[in-house]
Structure formats: C-alpha cells, structure tokens
Amino acid sequence: MAGTDEEAVAAADDALYVLTAVLLTPAKFPSVLGDDYPEACAALGLAPLADGYGLVLGQDGEGARWTVAIDDVSLVAVAIASWDCGMEYELSPDERTVVAALPGWPLAVAVAAPGVPAPHDPGPEADDRPPLAPPDTGVWGPAQRRLGADEIALQWATWREQVADAGFPAPQPSEASGSPGGVGGGATDGPDGRGSAGGPDGHGENGRQGGHSGIRRVLAEARTYIDSPPPLGRVRSSFAPGDARTLRADGPGWSLVARTDDIAFVLLDEEPGEVLPVGRGPELPSLLEALDKMAVRPN
C-alpha cells in the first residue's frame, strides 16, 4: 500500500474489522490532529473537503491497525449516533466511498477485534508510510492541551463545580475599560487531581490577584477572530443544556472552552497541565456571544 487511491480502495476492500469511527468535518474533528479542520486534514494527508470525511478505525485479518477515510459522512454519523444510543449498527463502507487507507490509528482504541491477532501496526511490506499513532499522554504539548480541552467540554459540570464564583477577583477599573475583566489567574484541579486529562499535575491558586498574562493574550487573540476569521474549525459551537452553547476555540499554543451563559477555561502549551478559569466579568459575555455567531456548528 503506497497511498494511491486505487491501493486505498483495495485495502479497504480487504476484510476490515471495524472497531470505531469518528467524524472529520469542519464542526467536529479529532482535536489531537490539529487546532483547526484544515490542519487536522493535513495531518492525515487529506484535502479539506467542505463536507468532510468519516474515519473508520479497524483491524485487518492479520490484526494490523488501519484508518480508512471515506467521503460518506452521513453513514459514519448514523453509525456513531446508533452506537451512542446503545444500538447495534454494522458499519460497512462501500469501496467507492474510500478516499484513503492509512496505517495505524490516530486515536487510542481500547477494544480489539475478536479472533484476530492483537492490534499492531502494519509492517513496511504492507505500507511504507509511518503509521498513525495517538499522542503520548506522558508529555505535554499541543495535542495533550487539546485533549484536556476536550475533557472539559465533555465533563463541564464536574470541572465547573470546582470553581467558586467568589474566587474570581473583582474587575479593576482598567479591566472594565478595555482589558479582560473578571480574570481568574490560577489553576483549578481536575476530577482526578490533574490539571487536565493525561497531563502532569496542575495545582495553583484559584483566583490569583492581578490577572494572568497568558489569559489576557488568549482573550486578545480570540477577539481578533471576530474581525479576521481564522481557518475553518478554529471556533466551534455545540449543544449545551438550556439556551446555552458550548464554545470551543483554539489558537497557537492555547485552547479555550466556555459556556455562552457561564465562565471559560483556558489551557496553554507553556503551562503543562494547568486549567485556568476565566470569570465572566464585563468583557467575556460579549466575546463569547460574538464568537458563537461566527462559529462552525454541526449540521
């Protein structure tokens, strides 16, 4: 398998035991692959199609790991929705929808196909490209930072209950007149005592006075997105309880997760494992509202 379309189709036509699948679209993509949709596609050598892809992760008859990209996004979306509801769904992509067959898995998969050898990367005789692999959770970097933001978005209530509103310093006059107001400059511990999923321990003083230069930089860069739209997928909006939305924004070295009716959390590459809460103050609500209006939303 050298990566041509014909060989990718041939690979997908072989027995592939499907283990899981994910979407790769502007509104929803594996964040470990990049800060935005074009970057995530580039990590897999795919063109950023407007409608996106479905990524099917499975094993061949020899147990080798393969990631198959297909252009039938709706098929994968239906399969994921069925699995999320506890229903069985046999995902069998048509070979005509296969765009690429890539060695390895970009994500950690905890299950394996029964009756075949244990999961392993294909040998060079099958494909001479470096196999895809999930990020090392023992180190901190952009992928781990984005994974931490993913966890906060998924477990918002657990993270939010650790931050008391009284812990945020009152906005100073200078903050209310132009710089971010209500900035909590310290870290909050995660559900397992870590600053974020899989990262190093991140302990700090919640609500440290004087603000935080990293948070101010993130909010300033996020504001630039409003007038100068970033690459597709840098800002995404998804469902949240009530009339709120869960907002996710990423940029060079940072990730932000927020509820449009609540506070925000910031993660930085330069602060391993730290999760920095940002109070609403006078500035954050309008910023979140503006970002939500320009954000990509799932269809």
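The values are calculated or read from the model by the stated rules, or taken from the named source; none is laboratory data. Owing to the predicted nature of the structure, the values given are computational and were not obtained by experimental measurement. Note that we place each Cβ from the backbone using ideal geometry, even for glycine, and neighbour counts take in every protein chain shown.
Details
- In the range 24-47, the residues that are under 17 Å from residue 153 (Cβ atoms) form Cβ pairs under 6 Å with partners that are of a type in the set (Gly, Ala, Ser) and in a helix (DSSP H, G or I), at six or more places apart or across chains, as follows: 29/40; 32/143; 33/40; 33/43; 34/40; 34/43.
- Hits in the range 38-60 - residues which are touching a strand residue (DSSP E or B) at 6+ places or on another chain (Cβ under 8 Å) and not aliphatic (A, V, I, L, M): 41, 45, 52, 53, 54, 58, 59, 60
- Residue identified as farther than 18 Å from residue 36 by Cα and modelled with pLDDT under 95 among 208, 245, 297, 259: 208
- Among (1) modelled with pLDDT of 95 or more; (2) on the phi < 0 side of the Ramachandran plot, the one test that residue 187 misses: (1)
- Any hit, the range 45-55, residues being of a type in the set (Ser, Thr, Tyr), farther than 16 Å from residue 129 by Cβ and modelled with pLDDT under 95: no
- Scanning the range 60-119 for residues that are in contact with a Ser or Thr (Cβ under 7 Å, 6 or more places away or on another chain) and within 27 Å of residue 48 (Cα to Cα) turns up 70, 71, 72, 73, 102, 104, 105, 106, 109.
- Search result, residues across the range 115-146 that are farther than 22 Å from residue 18 by Cα and in contact with a Pro (Cβ under 7 Å, 6 or more places away or on another chain): 140, 143, 144
- None of 49, 44, 91 is over 22 Å from residue 233 (Cβ atoms) and of a type in the set (A, V, I, L, M) except 91.
- Residue that is surrounded by the fewest Cβ atoms within 10 Å (Cβ to Cβ) [pool: residues in the range 97-113 that are assigned to a loop (DSSP other than H, G, I, E, B) and in contact (Cβ under 8 Å) with a residue 24 or more places away in the chain]: 111
- Residues being within 19 Å of the chain's Cα centre (by Cα) and either closer than 21 Å to residue 16 by Cα or surrounded by 23 or more Cβ atoms within 10 Å (Cβ to Cβ) (or both) - total across the range 47-61: 6
- Residue match in the range 120-132 (condition: under 17 Å from the mean Cα position of the chain (by Cα) and modelled with pLDDT under 90): no
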